[in-house]
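Here's the structure, in C-alpha cells; my notes come after.
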Amino acid sequence: VMACGAALLIIGGGLDFSAGAVFTLGALVTCKMLVAGVPWPPAILIGLTVCCAFGMVNFLVITYLHVPPIIATLGTFYMLTGLNNLVTDGNDVIP
C-alpha cells in the first residue's frame, strides 16, 4: 500500500523521505493503543489518522510555505524519528 503512494509521488516528480518515519509512527501508535487495551479496529484507525495528519502537515508546508518537497520531508523525517525514539525510549514495543 505504501509503495503505491510512493510510486505515484515519484511519477509526479516529487520525493518523500518521511514515508518510513510516518509509517513507523503509525505502527507505534497502533501498538501502544493495543498494549493499552484498545480493541484493534479503533487502534488501527487511530494509527492511520496519525499517519494522515503528518501527510497533511507535509502537504501544507510544501504548498503554502513553498518549501521544496525534499527539504520539507527531510525535516519531517528527522522530527518523527526523534519522536519515535522519545516515545519508545529506544526500546521495542511488543503488542
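Only a single item in (1) surrounded by fewer than 17 Cβ atoms within 10 Å (Cβ to Cβ); (2) of a type in the set (A, V, I, L, M); (3) part of a helix (DSSP H, G or I) is not met by Ala72, and it is number (1). In the set (1) surrounded by fewer than 16 Cβ atoms within 10 Å (Cβ to Cβ); (2) under 13 Å from the mean Cα position of the chain (by Cα); (3) not in a helix (DSSP H, G or I), Gly20 fails one condition alone, (3).
Only one entry in Val50, Val38 is closer than 24 Å to Val87 by Cβ and either modelled with pLDDT under 90 or part of a loop (DSSP other than H, G, I, E, B) (or both), namely Val38. Can Ala6 be described as surrounded by fewer than 16 Cβ atoms within 10 Å (Cβ to Cβ), hydrophobic (A, V, I, L, M, F, W, C) and within 14 Å of the chain's Cα centre (by Cα)? So Ala6 passes the test. Tell me, yes or no, whether segment 60-69 has at least one residue that is out of contact with any Leu (no Cβ under 7 Å at 6 or more places or on another chain), crowded, with 16+ Cβ neighbours inside 10 Å and not in a loop (DSSP other than H, G, I, E, B). Among the residues of segment 60-69, at least one is out of contact with any Leu (no Cβ under 7 Å at 6 or more places or on another chain), crowded, with 16+ Cβ neighbours inside 10 Å and not in a loop (DSSP other than H, G, I, E, B), which makes the answer yes.
The values are calculated or read from the model by the stated rules, or taken from the named source; none is laboratory data. Note that the structure is a prediction, hence the values are computed from the model and not measured. Cβ coordinates were reconstructed from backbone atoms using ideal geometry, including for glycine residues, and neighbour counts include every protein chain displayed.
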